[in-house]
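The values are calculated or read from the model by the stated rules, or taken from the named source; none is laboratory data. Source: prediction; values computed, not measured. Methodologically, a virtual Cβ is constructed for each residue, glycine included, from the backbone with ideal geometry; neighbour enumeration extends over all protein chains shown. Heads up: the accessible areas ignore ligands, DNA and RNA and are worked out on the full protein's heavy atoms, side chains in. Shrake-Rupley method; radii C 1.70, N 1.55, O 1.52, S 1.80 Å.
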Amino acid sequence: MADDTVVDTPSASSQPGTVAGEPREAPKAPKAPKASKASDRTSSPGPSGGARKASRSRKKRSPPKGARFRDRKRRPRQAGSEGPVSDVVAGPVIRDNKAIYAYGNYDEYYGKRHDRFASIDARIEALLEFCGTELFEDKVVLDVGCNTGTIGFQVAALGARRVEAVELDRQLIAKALRHLRWLKSNGHKTLPEAAEEGEKVPWHQRQYAVSCVQGRGQIPYHAKPLRRGALREAMAKAKKIEKALPSVPRPRPDFPYNLEFRAENFFISQAELKRKTSYDVVLLLKVTQWIHVYYGDAGIQELFAKVHRLLRLGGLLVLEAQQWQKYLEKKHIPPSRRSFTNSLGLRPERFPELLGQQGFERQTTVASRKLKNTIFVFRKVATPQAERPPLMDQVFAEQQFLMPRPPKKAKVVPPRFATDGVPKAPQDLEAVSTQSVPAPLVPALAAEVQDVQKVQEGEHIMFMQGAAQHS
């Protein structure tokens, strides 16, 4: 046979095409199973790279979207989180992954979140036009329900001697205090304004882009710079009041050192009464609805009574009450308070009448197209104007809380009998006929006594006949 013949022998390789006499390759080792990603990271070369990557892999992953809300929903609800609270609150109430601002602690200026510059509040402008700058200038002002302090900052910049702003939500107060500290640290003597005129700036530069607000969040409205010249324009539009004698200006703290923010429940707090501070102006702007919903008609009466105690004689109460349609909205009112709202008997339209009976006199009514609600300005007078019965008694009677009792019927006293069975006239009638009665009226009274005696005798006879028949 030739040398190039292919021979199939048992010693030859089992692989096809193997030629006899050629060196055989060593058998390949079995492949090791693939290591996991974590093991690859730990076995990576380098003195510190492997340890760093291993530490990264051991970090806890963030829970899936919505897990936090699911856990929060499983927790038991704290007592009083949807009812009247005795202390301050922190943020909204979470119900079914939705935020419910059950105490009116929502952002009032959320609709202006895209604006680059702020403006003077429409309510402040209207008050200046109707009442003049004397409303806030050199006055001690109390702002109840200040939210993030936008009204408080603007009133303090208008020349108020002192502004105290209170709010139930401590998160809103924290935002106001953060901005107040920023104003003090930067040495601002008034509210900061924009560098350019607001009207001259193009419209696309007066607002932030929607994507910017959605991606980076919104700037609080009280922290935005005012439109150029907004404060000066509001002062120029104010009503001019002529003074009989020029007042001597008293020294007062400069802005922003005339501001104070507190987190408290104004309805039950005694801080203002313990300080014994008499206020010149008290602002109740969109506050009455929430006190009315949680504390009822008696709570509104107590609120106005407390404001009357805090105001000095001649002080002003600025009231902006929400309309009754706002009470019926279900957006921010918890289900536990909706049935209670329907049982309220006092309507916001009757608040001026209630204030008139508690020692207030209506001074001005502010109405404008820019305002959603009518604003009333009341002045504290010396004596209450209570010409008619108290309003709250009427309301309680309508609600059947204090139902008027029917008049008592006159009871017929049976005649007294002597030992012989003959009826005898009562001694009290005889005494009345002879004592404390003028002489000309004695005969007439005696005749009436005789008529009464006859009636009593007839009733007695009828009673005795009926008793005999039954026996």
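Below are the figures for this structure:
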quantity	calculated
Residue within the stretch 268-280 that is within 23 Å of Glu361 (Cβ to Cβ) and among the basic types (Lys, Arg) present	no
Residue match in the stretch 145-156 (condition: in a loop (DSSP other than H, G, I, E, B), open to solvent by 10 Å² or more (accessible area, probe 1.4 Å) and touching a Gly at 6+ places or on another chain (Cβ under 6 Å))	no
Sole residue being under 21 Å from the mean Cα position of the chain (by Cα), of a type outside the set (Val, Ile, Thr) and within 21 Å of Ala126 (Cα to Cα), chosen from Leu344, Leu371	Leu371
Residue under evaluation Phe136, criteria (1) of a type outside the set (S, T, N, Q); (2) crowded, with 16+ Cβ neighbours inside 10 Å; (3) out of contact with any strand residue (DSSP E or B) (no Cβ under 8 Å at 6 or more places or on another chain), criterion not met	(3)
Scope the stretch 115-133; condition open to solvent by 60 Å² or more (accessible area, probe 1.4 Å) and under 29 Å from Thr364 (Cα atoms); matching residues	Glu129, Phe130
Residue match in the stretch 163-176 (condition: open to solvent by 10 Å² or more (accessible area, probe 1.4 Å), more than 25 Å from Gly315 (Cβ to Cβ) and part of a loop (DSSP other than H, G, I, E, B))	no
In the stretch 115-154, the residues that are closer than 20 Å to Ala223 by Cα and aromatic (Phe, Trp, Tyr)	Phe117, Phe153
Meets criteria (more than 20 Å from the chain's Cα centre (by Cα), charged (D, E, K, R), surrounded by 18 or more Cβ atoms within 10 Å (Cβ to Cβ) and at pLDDT 55 or above) for Lys112	no
Single unsatisfied condition, Val377 versus (1) open to solvent by 10 Å² or more (accessible area, probe 1.4 Å); (2) in a strand (DSSP E or B)	(1)
Verdict on Ile291 being out of contact with any strand residue (DSSP E or B) (no Cβ under 6 Å at 6 or more places or on another chain) and in contact (Cβ under 8 Å) with a residue 40 or more places away in the chain	no
Top-ranked residue of the stretch 90-103 - restricted to ones that are within 20 Å of Val287 (Cβ to Cβ) and open to solvent by 20 Å² or more (accessible area, probe 1.4 Å), ranked as modelled with the lowest pLDDT	Val93
Hey, Arg181 open to solvent by 50 Å² or more (accessible area, probe 1.4 Å) and without any contact (Cβ under 8 Å) to a residue 24 or more places away in the chain or not	yes
The stretch 224-242: number of residues that are aliphatic (A, V, I, L, M), surrounded by fewer than 18 Cβ atoms within 10 Å (Cβ to Cβ) and out of contact with any Asp or Glu (no Cβ under 7 Å at 6 or more places or on another chain)	2
Where a residue in the stretch 84-106 is hydroxyl-bearing (Ser, Thr, Tyr) and its partner, wherever it lies, is at pLDDT below 85, with Cβ under 7 Å and at least six apart	Tyr101/His332; Tyr106/His332
Residues of the stretch 184-214 that turn out to be more than 25 Å from Ala238 (Cβ to Cβ), under 27 Å from the mean Cα position of the chain (by Cα) and either surrounded by 18 or more Cβ atoms within 10 Å (Cβ to Cβ) or modelled with pLDDT of 95 or more (or both), as a count	0
